[in-house]
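Written out below as structure tokens is the structure these notes cover.
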Amino acid sequence: MVGTIIGSGIFLIPSFVAIHLHSLAAVLLVWAVGGALTLCGALSLAELGSMYPGTGGLCTYLREAYGSLCAFLYAWALLLMIHSGSIAALGVAFGLFLGQVVTLTPLEQRLFSAGLILGLTLVSCLGMRAGKLVQNLFAIAKISGLTAVIFLLTAKGRRPLHLLATTGARRGDALSLATFGIALIAVLWAYEGWHVISFVGGEMKKPRRDLPRSLLYGGTIVMLIFLLANLGYYRVLSGTEIQSSNAVASYAAGKVMGPISAKCISLLILVSMIGCTNGLILTGPRVYYAMACDGIFPSVFGKLNNRFRTPTLALITQGIWAALLAVSGSYQQLFTDVVFTAWIFYGLAVAGVLILRRLQPERQRPFSVPGYPFLSLLFCGAAAVLVVSNVIQEPRAALTGLTLVATGLPVYFWQRRNLRAGSVALELDQGE
């Protein structure tokens with residue numbers, strides 16, 4: 001979970017946040033709020049994951065709470081935007097940072113972005129063991145490297161930390177709910193991927209125990225890393241410097257340790273992005289496969305490779321579409337579209353905890369949400385506010401997300417009609 005979440009956000013988002021929030025206290029608050037919301041959602045999913053530990057994650061939870069149409073629309077949105085868009089955004093960020101290590105034209109950056117996605121897709125096609133090995137190696141490398149960066153910036157930084165002092169060039173702007181909300185959307189992108197561990201619950205040895213632990217411990221570790229990283233940045237750089245840099249970690253390292261260190265940090269960031277991208281590529285097709293096996297998603301996504309036992313067609317489809325998105329979209333556009341679309345379904349999934357407590361009170365719950373129902377209600381309220389505010393602030397992104405979800409409706413009804421036709425034909429054959 002940690003390896004999947006920590007990708008490009010903690011390196012690219014701080015400058016965006018600093019542009020909208022002009023005190024260290026406000027910056028730390030928005031990262032803490034994003035982490036707290038992530039933990040509230042993770043704890044709620046932990047209860048659902050302990051009840052339904054098989055592969056499928058949110059699709060399974062949405063199906064149990066709302067029916068097959070909602071589950072299908074989430075899987076459809078996952079393929080067209082949420083998951084594939086996240087992979088594409090990371091690919092774009094990879095190309096941008098690679099361009100800081102070696103000289104690349106904009107076209108070459110986009111080609112490297114697509115190449116990363118397609119290359120890691122090929123690795124995942126070779127089996128869960130190969131993908132897991134790559135994921136664990138990159139997770140260990142980037143967490144160790146990021147921890148070292150945080151320690152060095154904190155130790156060598158000489159700037160005093162004034163929580164309430166106004167930072168940055170735009171001193172006249174006051175903190176408002178609108179600016180805090182815009183910054184929060186960006187921060188939630190940095191935490192994006194917190195739920196994907198639920199997609200591979202069916203491949204865990206002890207999912208009823210390990211899935212809740214992964215969600216809880218992983219979310220806590222990531223929030224602490226993000227808060228400490230921001231403190232390290234502000235120990236070295238002023239608010240104005242952070243606002244003007246799209247590679248804050250490299251800039252800060254270069255300022256205290258020289259240009260060679262900046263290059264090393266850029267390499268660390270590339271490793272981080274590779275690990276995060278690999279984690280997303282590895283997990284998404286498990287959802288399409290599980291839904292296809294249940295008859296909800298097109299059946300072609302339910303076929304496994306005979307040799308490697310992987311959903312190869314689902315992996316290839318996701319990889320090609322994500323590569324196309326990476327070639328055609330910008331980083332900010334992609335993460336804005338992803339966050340809006342994803343949080344509609346996150347809110348519905350967490351609300352499913354409340355619904356299933358009433359619909360299935362007798363079902364065993366090896367893990368229960370602490371503080372029920374307040375944590376779940378808090379998350380649902382925040383998700384509703386986020387979605388509505390995004391419609392107001394970014395109507396284009398909202399329309400794009402809603403349109404992509406709506407395109408799944410004819411596919412769903414076509415799929416259901418084919419299933420009914422197949423069932424009728426089978427009954428007639430058996431009758432004969």
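Towards the positive end of the charge dipole of the chain, with charges on Cβ (+1 Lys, Arg; -1 Asp, Glu), say which of 302, 273, 374 has the farthest Cα.
Positive-most Cα among the choices belongs to 273.
For the chain, compute the number of Lys pairs whose alpha carbons are separated by less than 20 Å, excluding pairs fewer than 8 positions apart on the same chain.
7
Using the Karplus curve 6.51 cos²θ - 1.76 cosθ + 1.60 with θ = phi - 60°, work out ³J(HN,Hα) for each residue of region 346-352 in order, rounded to whole Hz, and write x for Gly and Pro.
With coefficients 6.51, -1.76 and 1.60, one gets 4, x, 5, 5, 5, 4, x Hz.
With charges only on Cβ, +1 for K and R and -1 for D and E, what is the dipole size of the chain about its Cα centre, in debye, rounded to 20?
880 debye
Counting each DSSP H run of 4 or more residues in the chain as -39500 (n - 2.57), what helix-only mean residue ellipticity at 222 nm follows after dividing by all residues, to the nearest 500 deg cm²/dmol?
My calculation for the chain gives -26000 deg cm²/dmol from helical runs alone.
Using the Cβ atoms and a cut-off under 13 Å, what net charge is assigned to the surroundings of residue 98, where Lys and Arg are +1 and Asp and Glu are -1?
+1
What is the helix-to-structure angle for 106-125, meaning the angle in degrees between its Cα long axis and the longest Cα principal axis of the chain, kept from 0 to 90 and rounded to the nearest 10?
Result, in degrees: 50.
Put +1 on the Cβ of every Lys and Arg and -1 on every Asp and Glu Cβ in region 2-416; which of 76, 53, 405 then has its Cα farthest towards the positive end of the dipole?
Most positive-ward Cα: 53.
Mind checking the angle between helix 177-190 and the chain's longest principal axis? C-alpha axes, 0 to 90 degrees, to the nearest 10.
Helix 177-190 and the main axis of the chain meet at about 70 degrees.
Can you give the longest stretch of the chain with no exposed loop site, where a site means trypsin sites (Lys or Arg not before Pro) in a DSSP loop (not H, G, I, E or B) with at most 16 other C-beta atoms within 10 Å?
Longest run free of exposed loop sites: 1-157.
Find out how many positive minus negative residues lie around residue 88, taking Lys and Arg as positive, Asp and Glu as negative, among other residues whose Cβ is under 15 Å from that of residue 88.
-1
Helix 24-51 sits at what angle to the longest principal axis of the chain, using alpha carbons and giving 0 to 90 degrees rounded to 10?
20 degrees
Can you give me the Cα centroid spacing of region 1-76 and region 237-262 in angstrom?
28 Å
Would you please give the residues with an amide H less than 5 Å from that of residue 23, counting only those at least 5 places away or on a separate chain, with H modeled from the backbone geometry?
Sorted by chain and number, the residues that satisfy this are 167.
Looking at 313, 19, 258, which one has the Cα that reaches farthest to the positive end of the dipole of the chain (charges on Cβ: Lys, Arg +1; Asp, Glu -1)?
The listed residue farthest towards the positive side: 258.
FYI, it's all coordinate maths here, none of it is from the lab. Here the structure is a predicted model, which means the values were calculated and not measured. As a convention, Cβ positions derive from the backbone with ideal geometry for all residues, glycine included, and neighbour counts pool all protein chains shown.
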